[in-house]
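In what follows, a structure is listed as structure tokens, so that the remarks can point back to it.
The values are calculated or read from the model by the stated rules, or taken from the named source; none is laboratory data. Only a predicted model underlies this, so the values are computations on that prediction, with no experimental measurement involved. Note: ideal-geometry Cβ built from the backbone for every residue, glycine included; neighbour counts use all protein chains shown.
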Amino acid sequence: MTPGEVLDQSFYDRDPREVAVDLLGCYLVHESPEGVASGVIVETEAYLCAEDPACHAYKGMTMRNRTIFKGPGLAYVYLIYGRYSLVNVNCEEEGKGSAVLIRALEPLEGRDLMAERRGRPDLCTGPSKLTQALGIEMAHDAHDLTSQPLTVRHGAPPEGEIVATTRIGISRGAELPYRYLVLGEPNVSVRPKVISARGLARSGQGRSGFARSRP
């Protein structure tokens, strides 16, 4: 598997639910001084600005969340528990405040480097694990994902079935079916307990809806 061209800004300027599905099968690549580390995106989670109580933009702009309002194609990186970084991709126009959390990767290039950083065999089976494995830190907050060293690149649609399920690790809005993953993929963070929609298909960069079922 070889990553394709870098996704351009227009890819992200859409409903985050559509972006979340279309990111599955794409590549997250970090070209750090220590070496290149990358993985295929196999799990994502969408957050919908003011209408979503779990979204960081829900209660308006603060110093902590200001990056999420800066427009499509930027990395929104924040800490949880004051220690672990998570990486999101901003969606929609500036001021909107929506994003997609990258939750899990299938490790690809730089496995030895990832293992050294993690110190454990499970490399990218969760949002904080993958940032540690790829060396993504708070310094990458507001980084333009269309430029090196941190990029998202085109990849083929997943061979496995794409499904929607409820979100995890949050106290509000957990019942919303905005988590998307490749069913049966061993690197997803948590297997779905309830499948809300099956047979979803990537829509490319079109704007004709999200999470469309295959005929």
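Couple of notes before you dig in:
- Test: residue in segment 170-181 that is part of a loop (DSSP other than H, G, I, E, B) and more than 16 Å from GLU45 (Cα to Cα): no
- Entry remark, segment 158-200: residues being touching a strand residue (DSSP E or B) at 6+ places or on another chain (Cβ under 8 Å), of a type in the set (A, V, I, L, M) and under 20 Å from ALA99 (Cβ atoms) number 6 in total.
- Restricting segment 66-78 to residues that are aromatic (Phe, Trp, Tyr) and in contact (Cβ under 8 Å) with a residue 40 or more places away in the chain, the residue that is surrounded by the fewest Cβ atoms within 10 Å (Cβ to Cβ) is TYR78.
- Exactly one residue out of ALA133, ALA197, ALA164, ALA142 is more than 27 Å from CYS49 (Cα to Cα) and of a type in the set (A, V, I, L, M): that is ALA133.
- Residue count for segment 5-44, restricted to those that are part of a helix (DSSP H, G or I) and within 23 Å of GLY126 (Cα to Cα): 8
- Candidate set: segment 45-65, residues that are in contact with a Lys or Arg (Cβ under 6 Å, 6 or more places away or on another chain) and not in a helix (DSSP H, G or I); chosen: the one surrounded by the fewest Cβ atoms within 10 Å (Cβ to Cβ): PRO53
- Close Cβ contacts (under 6 Å, 6 or more residues apart or on different chains) running from residues in segment 87-111 that are on the phi < 0 side of the Ramachandran plot to residues that are part of a loop (DSSP other than H, G, I, E, B) and among the aromatic types (Phe, Trp, Tyr) are absent.
- Considering segment 170-205, the residues that are under 16 Å from the mean Cα position of the chain (by Cα) and without any contact (Cβ under 8 Å) to a residue 24 or more places away in the chain include one that is surrounded by the most Cβ atoms within 10 Å (Cβ to Cβ), namely PRO177.
- When THR146, THR125 are checked against the criterion of being closer than 19 Å to GLU185 by Cβ and among the hydroxyl-bearing types (Ser, Thr, Tyr), a single residue qualifies: THR125.
- The residue pairs whose first member lies in segment 116-127 and is under 17 Å from LEU86 (Cα atoms), whose second member is among the acidic types (Asp, Glu), and whose beta carbons are closer than 8 Å, counting only pairs six or more residues apart or on different chains, are CYS124/GLU106.
- Residue count for segment 1-38 satisfying the condition of being out of contact with any Phe, Trp or Tyr (no Cβ under 6 Å at 6 or more places or on another chain), touching a residue at least 24 places away in the same chain (Cβ under 8 Å), of a type outside the set (A, V, I, L, M, F, W, C) and over 16 Å from ALA164 (Cβ atoms): 14.
- The number of residues in segment 104-130 that are touching a Phe, Trp or Tyr at 6+ places or on another chain (Cβ under 9 Å) and either of a type in the set (Gly, Ala, Ser) or buried (at least 23 other Cβ atoms within 10 Å of the Cβ) (or both) comes to 3.
- Some residue of segment 149-157 being over 17 Å from LEU23 (Cα atoms) and either out of contact with any strand residue (DSSP E or B) (no Cβ under 9 Å at 6 or more places or on another chain) or surrounded by fewer than 20 Cβ atoms within 10 Å (Cβ to Cβ) (or both): yes
To keep it simple, each residue is scored yes or no on (1) modelled with pLDDT of 95 or more; (2) within 20 Å of PRO3 (Cβ to Cβ).
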site: MET63; (1), (2): no, no
site: ARG66; (1), (2): no, no
site: GLY73; (1), (2): yes, yes
site: GLY82; (1), (2): no, no
site: ARG103; (1), (2): yes, yes
site: SER128; (1), (2): yes, no
site: ASP144; (1), (2): yes, yes
site: PRO158; (1), (2): yes, yes
site: ARG167; (1), (2): no, no
